[in-house]
Amino acid sequence: MRAGVLALQGDVREHAAALEACGAEVVRVRRRSELDAVDALVLPGGESSTIDKLLRAFDLREPLIARIEAGLPVLGSCAGMILLARDLGDGIDGQQTLGAIPMTVRRNAFGRQVDSAEVSLTWTPDGSPMHATFIRAPWVESWDDGVQVLASVEGHPVAVRHGARIATAFHPEISGDLRVHQLLLDLAS
Ligand code: GLN
């Protein structure tokens, strides 16, 4: 199993470590040939508007959209969730998304006072608690039928799945809890 981490900006190393801990071989993806070589891909947290610009500068945007459309399992965390959304609230001027999950995501949705927080939420795939770290996180504002909510905070979805596409508003790569990465790898095998 070769799992990629989009390595243009953001917390690449932590995702690579989590995927390795799940037994995957990790490829840092910065070019088309690396994208073509992976069986699953993580879009890490960072700054979504910067990653959006870099995707275009590195000529990766269109190939990435094509591979996701062809069924590549993907996990987007935080900025990665924003990138996967079809529609975006509070984006910067000209900010684009990949349109991979039919949902509207609001950037920096939790507001200033609680812009970073540790929350214990219920991971609905197994019904047990998950410790989640939020850093200037988005939330899902609306979503189409077929988008499955995997976890919520105060009524707002913060983890969703649409087919082989997973998005979390929190950072599963820094909690030591491997369930989210394992789900991605399960979808790829
Ligand atoms: N607020 C950031 C953005 O808009 C996301 C923060 C994160 O990825 N930790 O992209």
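Being at pLDDT 95 or above, β-branched (Val, Ile, Thr), under 14 Å from the mean Cα position of the chain (by Cα) and crowded, with 24+ Cβ neighbours inside 10 Å is true of residue 82.
A search for C-beta distances below 7 Å between a residue of segment 134-157 that is open to solvent by 60 Å² or more (accessible area, probe 1.4 Å) and any residue that is within 14 Å of the ligand (Cβ to nearest atom) and part of a loop (DSSP other than H, G, I, E, B), counting only pairs 6+ apart in sequence or on different chains, returns 135/45; 135/78; 135/171; 136/108; 136/115.
Quick check on segment 139-189: of everything there that is aliphatic (A, V, I, L, M) and part of a helix (DSSP H, G or I), which residue is nearest to the ligand (Cβ to nearest atom)?
If we take residues in segment 139-189 being aliphatic (A, V, I, L, M) and part of a helix (DSSP H, G or I), then 174 is nearest to the ligand (Cβ to nearest atom).
Which residues, counting only those in segment 160-183, are touching a strand residue (DSSP E or B) at 6+ places or on another chain (Cβ under 8 Å) and more than 19 Å from residue 10 (Cα to Cα)? Those that are touching a strand residue (DSSP E or B) at 6+ places or on another chain (Cβ under 8 Å) and more than 19 Å from residue 10 (Cα to Cα): 160, 161, 162, 164, 165, 177, 179, 183. Against the conditions (1) within 12 Å of the ligand (Cβ to nearest atom); (2) open to solvent by 40 Å² or more (accessible area, probe 1.4 Å), residue 21 satisfies every one except (1). In segment 42-58, the residue that is surrounded by the most Cβ atoms within 10 Å (Cβ to Cβ) out of those that are within 16 Å of the ligand (Cβ to nearest atom) and hydrophobic (A, V, I, L, M, F, W, C) is 42.
Answer with yes or no whether residue 46 is out of contact with any strand residue (DSSP E or B) (no Cβ under 8 Å at 6 or more places or on another chain), small (Gly, Ala, Ser) and touching a residue at least 24 places away in the same chain (Cβ under 8 Å). Yes, satisfied.
For segment 59-83, filtered to residues that are among the aliphatic types (A, V, I, L, M) and free of Cβ contacts under 8 Å to residues at least 60 places away in the same chain, the residue that is nearest to the ligand (Cβ to nearest atom) is 82.
For segment 89-109, a residue qualifies if it is open to solvent by 40 Å² or more (accessible area, probe 1.4 Å) and over 27 Å from residue 16 (Cβ atoms), and the qualifying residues are 90, 92, 93, 94, 106. Residue 39 meets the conditions (1) crowded, with 17+ Cβ neighbours inside 10 Å; (2) within 26 Å of residue 153 (Cβ to Cβ) in every case but one. The failed one is (2).
When 88, 98 are screened for being touching a strand residue (DSSP E or B) at 6+ places or on another chain (Cβ under 7 Å) and within 16 Å of the ligand (Cβ to nearest atom), only 88 passes.
The values are calculated or read from the model by the stated rules, or taken from the named source; none is laboratory data. Please read all numbers here as calculations on a predicted model, not as lab measurements. Neighbour counts are summed over all protein chains in view; Cβ atoms, including those assigned to glycine, are modelled from backbone coordinates with ideal geometry. Each accessible area value is taken on the protein alone, full model and side chains, heavy atoms only, with ligands, DNA and RNA left out. Shrake-Rupley method; radii C 1.70, N 1.55, O 1.52, S 1.80 Å.
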